[in-house]
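Trainee: Input: one structure, supplied below.
The values are calculated or read from the model by the stated rules, or taken from the named source; none is laboratory data. Here the structure is a predicted model, which means the values were calculated and not measured. FYI the Cβ positions are ideal-geometry reconstructions off the backbone, even for glycines, and counts take in every protein chain you see. Note: accessible area is taken over every heavy atom of the protein model, side chains too, but ligands, DNA and RNA are not part of it. Shrake-Rupley method; radii C 1.70, N 1.55, O 1.52, S 1.80 Å.
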Amino acid sequence: MRLVRPVSTVAVAVALIAPGLTAQGAPQNCPEIPRYTADQVDDYHGTAVRDPYRWLENTESDSTRAWIEAENCRTFGWLAQIPERARIRERLTRLWNYERYGVPSRRGGMYVWGKNDGLQNQSVLYRQRRLTDEPRVLIDPNQLSEDGTVSLAATAVSENGRHFAYATSSGGSDWREVRVREIDTGRDLPDQLRWVKFSGLSWTHDNAGFFYSRFPEPSGNELQSVVRNQKLYYHRLGTDQAADVLVYERPDQPDWGIGAAVTEDGRYLIIGVSLGTDSRNRVYYMDLGNARQPRRHSEVVRLLDDFDATYNYVGNDGPVFYFFTNLEAPRGKLIAIDTRRPARADWRTVIPQSEATLRDVSVIGGRFIADYLEDAHSRVTMFAKDGRRIADVPLPTLGSVGVISGRADSPEMFYSFTSFIYPTTIFRYDVATGTNTVLRAPRLDFDPSRYETQQVFYRSRDGTRVPMFLTHRRDLQRDGSNPTLLYAYGGFNISETPGFSVSNLVWLEMGGIYAVANLRGGGEYGEDWHRAGMHERKQTVFDDFIAAAEYLIA
């Protein structure tokens, strides 16, 4: 169970290695590009750095708008001269128009899953009592606004399957507005919650309401105000937001993020505490007592309060909680903490660290399902509750497992799988019998057998071995004449794993090679790999990228 926290972005690196590629003449009749050279010099610890384009940071100024228009005129004028452009556009449009499916989750006696018919702006959520039933629309976010600027964010179905809480975002804002819908009638109730941001929604098992996090109402412009002091509340169905119960707050720590989720047995509330984008976190909990008559407010126990590692709640056997953590295990492990004896000396390692990178663990059908990265591609392994390895889940090819969904009391597991030439497909796996079947697969107008993906390893500047995926047509000759698109990220512990892309597929059809390098700074080999590309070691990220290009050229 991952509690919601804000995520920031970093730049990506893309290089085009294209032998013989030349540009045509520059477009005519474009306005002159403003070239302001303001005398802006910054002093960074004694080093003077000129910044002649600082004026572009004022995005609404007349000079910035003129610069954008002039650059756009040249850019799109140049692109319009490419003879293949119309054919590329037609092929992209045809390929993009295919049905895409989400992974089902089971709650309230029903399956909930998303589907996009191909060109919809947002996927529609459907519901089924049985997988063989005709799907019924739960909510269509494309109908939330006439101009399509309102999107669906967090969602949660009540335990009895009667109500559906959902959060919406308007105009791409992080602010959410939460509503509640009657599932059978499709009618929205008067409940309306505002000033919600970076929050999940989690129902108590008496179906009376749900926990959520919100901020105080901002003063002034809500899109520009700095927000602090996030608080955890409980909303009872049919009441005004002003009557919501304050469950937990930390006025002494105004920058902490606070999120919560009810355990699958309904007995506990797991409270996650984070600080910005730091992967380290704290975990508290509250004993709700009887799941059918839960307490909405009781003592909050600070179980993990040292802010020394990542702790992701996985599941529980009564008072024994299971956590994924990277504490003293940069590639991840699974531990058990008995809340009756929470001292660190009493913690138990259930799945120890291995050579592969453990990304997450789920409890499904009474077993642990471990999601690993092995040289930047997925491996899923099933373990018994005592940590004994049972078997690997068979995967179609070298690729990536996305969402894994299931419940502790059912052997039914769903997961998504994708690769560079394998569109995202939904599988159903029975953890008791080992039966693995395709539940939903997209259909596209292309033949994947014509292409191949292989993994290579190259040496970076300091000798570090770095993996890279190469995808291209099977009949391609590596004779130095192939245009190659090299992509990488290298930051924020984000792993670049194999994934399907229509735009990349068209590139492959035209004879291009698509290369993805797994730079340090990502999470492919755990926390050590991440930290090897951070702060004073950031140069290694660029060294890895340059070495990838040099390998390809050679």
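Trainee: Give me the residue from segment 445-460 that is surrounded by fewer than 17 Cβ atoms within 10 Å (Cβ to Cβ), in contact with a strand residue (DSSP E or B) (Cβ under 8 Å, 6 or more places away or on another chain) and not charged (D, E, K, R) and, out of that set, nearest to Tyr98 (Cα to Cα).
Mentor: Going through the qualifying residues, I end up with Pro448.
Trainee: Just checking: which of the strands (runs of 3 or more DSSP E) contained wholly in segment 253-370 hold 2 or more residues that are over 27 Å from Phe492 (Cβ atoms)?
Mentor: Answer list for segment 253-370: 268-275, 281-287, 300-304, 311-317, 320-325, 333-338, 348-351, 357-364.
Trainee: While we're on this one: Going through Glu524, Glu536 one at a time, which residue ends up being surrounded by 19 or more Cβ atoms within 10 Å (Cβ to Cβ) and modelled with pLDDT of 95 or more?
Mentor: Glu524
Trainee: Here is a follow-up. Pull out all pairs, ordered by first then second residue, where Cβ-Cβ is under 6 Å, the residues are six or more apart or on different chains, the first lies in segment 182-206 and is within 15 Å of Ala153 (Cα to Cα), and the second is in a strand (DSSP E or B) and modelled with pLDDT under 95.
Mentor: Gly200/Ala154; Leu201/Ala154
Trainee: Run Ala309 past the list (1) more than 28 Å from the chain's Cα centre (by Cα); (2) of a type outside the set (Lys, Arg); (3) open to solvent by less than 20 Å² (accessible area, probe 1.4 Å) and report the number of the one that doesn't hold.
Mentor: It is condition (1) that Ala309 fails.
Trainee: What is the one condition in (1) small (Gly, Ala, Ser); (2) over 21 Å from the mean Cα position of the chain (by Cα); (3) assigned to a strand (DSSP E or B) that Ser416 does not satisfy?
Mentor: The single condition Ser416 does not satisfy is (2).
Trainee: Can you name every residue in segment 232-276 that is open to solvent by less than 30 Å² (accessible area, probe 1.4 Å) and of a type in the set (A, V, I, L, M)?
Mentor: Leu232, Val247, Ile258, Ala260, Ala261, Val262, Leu269, Ile270, Ile271, Val273
Trainee: Would segment 95-104 turn up any residue that is surrounded by 11 or more Cβ atoms within 10 Å (Cβ to Cβ) and more than 30 Å from Tyr415 (Cα to Cα)?
Mentor: no
Trainee: A follow-up question, please. Quick one: in segment 158-197, of everything that is of a type in the set (Gly, Ala, Ser) and surrounded by fewer than 21 Cβ atoms within 10 Å (Cβ to Cβ), which residue is farthest from Ser225 (Cα to Cα)?
Mentor: Among those that are of a type in the set (Gly, Ala, Ser) and surrounded by fewer than 21 Cβ atoms within 10 Å (Cβ to Cβ), it is Gly161.
Trainee: Scan segment 134-147 and tell me whether some residue there is within 25 Å of Gly266 (Cβ to Cβ) and modelled with pLDDT of 95 or more.
Mentor: Yes, the conditions are met somewhere in segment 134-147.
Trainee: Looking only at residues in segment 403-438 that are open to solvent by 50 Å² or more (accessible area, probe 1.4 Å) and of a type in the set (A, V, I, L, M), which one is nearest to Asp360 (Cα to Cα)?
Mentor: Val403
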